[in-house]
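Undergrad: Dumping the structure here so I can ask a few things about it.
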């Protein structure tokens with residue numbers, strides 16, 4: 001027979017074990033926290049994938065299948081390959097840039113694509129209104145074929161800031177404020 005103290009300890013242990021198992025099961029069944037989406041600016045269509053690798057494979061029509069699993073790990077070599085893949089005659093879409101929900105290229109990523117690239121400083125080539133998890137949540141970005149310009153209102157209105165290179169933090173003035181993006 002167990003003493004009253006031992007019974008309390010056994011009961012507490014059983015409760016903790018049950019809670020731990022429920023938490024583990026909930027975490028195992030939870031959806032991935034980061035999404036990796038591809039937006040075709042021309043059509044407005046958006047498709048999301050479990051990994052950045054799958055998103056890039058889709059956006060490059062299978063030409064790049066060895067991208068990292070996370071968009072956080074775009075290095076200069078991959079950026080150059082993404083830019084180069086856009087110039088091939090078989091390219092169905094040009095990789096314009098990538099925006100991220102967290103600083104330091106973390107969180108969810110959205111790769112912006114179009115049928116043609118930007119015209120190198122000849123003004124705004126494309127614009128896109130952010131929606132869902134993307135509205136008011138951009139914290140970092142990677143430029144590819146275009147410079148990116150974040151705007152704090154839909155339809156590229158309001159306060160804006162231009163980025164000519166990959167930026168690990170868009171700055172306090174624009175962090176978690178963008179409602180639209182222009183590609184220059």
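Undergrad: Test residue 158 against the stated conditions and say whether it is surrounded by fewer than 16 Cβ atoms within 10 Å (Cβ to Cβ) and farther than 17 Å from residue 38 by Cβ.
TA: Against the criterion (surrounded by fewer than 16 Cβ atoms within 10 Å (Cβ to Cβ) and farther than 17 Å from residue 38 by Cβ), residue 158 qualifies.
Undergrad: Moving on. Give me a count of the residues in segment 136-151 that are surrounded by fewer than 18 Cβ atoms within 10 Å (Cβ to Cβ) and under 11 Å from residue 97 (Cβ atoms).
TA: Selection size over segment 136-151: 0.
Undergrad: Anything in segment 152-174 that is under 16 Å from residue 102 (Cα atoms) and in a loop (DSSP other than H, G, I, E, B)? List them, or say none.
TA: Those that are under 16 Å from residue 102 (Cα atoms) and in a loop (DSSP other than H, G, I, E, B): 166, 168, 169, 170, 171, 172, 173, 174.
Undergrad: Let me ask something else about it. Identify, by number, the condition in (1) within 22 Å of residue 52 (Cβ to Cβ); (2) free of Cβ contacts under 8 Å to residues at least 40 places away in the same chain that residue 151 doesn't meet.
TA: The one condition residue 151 does not meet is (1).
A quick yes/no check of all residues on (1) closer than 16 Å to residue 143 by Cβ; (2) assigned to a loop (DSSP other than H, G, I, E, B); (3) modelled with pLDDT under 90:
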{"residue": "78", "(1), (2), (3)": "yes, no, no"}
{"residue": "82", "(1), (2), (3)": "yes, no, yes"}
{"residue": "90", "(1), (2), (3)": "no, yes, yes"}
{"residue": "96", "(1), (2), (3)": "yes, no, no"}
{"residue": "101", "(1), (2), (3)": "no, no, no"}
{"residue": "110", "(1), (2), (3)": "yes, no, no"}
{"residue": "113", "(1), (2), (3)": "yes, no, no"}
{"residue": "117", "(1), (2), (3)": "yes, yes, yes"}
{"residue": "123", "(1), (2), (3)": "no, yes, yes"}
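Undergrad: With the checklist (1) assigned to a helix (DSSP H, G or I); (2) modelled with pLDDT under 90; (3) surrounded by fewer than 11 Cβ atoms within 10 Å (Cβ to Cβ) in hand, flag the one item residue 8 doesn't pass.
TA: Of everything listed in (1) assigned to a helix (DSSP H, G or I); (2) modelled with pLDDT under 90; (3) surrounded by fewer than 11 Cβ atoms within 10 Å (Cβ to Cβ), residue 8 misses just condition (3).
Undergrad: Name the residues in segment 49-70 that are surrounded by 14 or more Cβ atoms within 10 Å (Cβ to Cβ) and free of Cβ contacts under 8 Å to residues at least 40 places away in the same chain, would you?
TA: Selection gives 49, 51, 53, 54, 57, 58, 60, 63, 64, 67, 68, 70.
Undergrad: In addition: Quick check on residue 132: is it modelled with pLDDT of 85 or more, more than 14 Å from residue 183 (Cα to Cα) and in contact with a strand residue (DSSP E or B) (Cβ under 8 Å, 6 or more places away or on another chain)?
TA: no
Undergrad: OK, next. Quick one: would you say residue 172 is under 19 Å from residue 47 (Cβ atoms), in the same structural domain as residue 61 (by TED's automatic domain parsing), without any contact (Cβ under 8 Å) to a residue 24 or more places away in the chain and surrounded by fewer than 18 Cβ atoms within 10 Å (Cβ to Cβ)?
TA: When the stated conditions are applied, residue 172 does not pass them.
The values are calculated or read from the model by the stated rules, or taken from the named source; none is laboratory data. Bear in mind the structure is a predicted one, so any value in this text is a computation, not a measurement. So basically every Cβ, Gly included, is an ideal-geometry build from the backbone, and we count neighbours across all protein chains shown.
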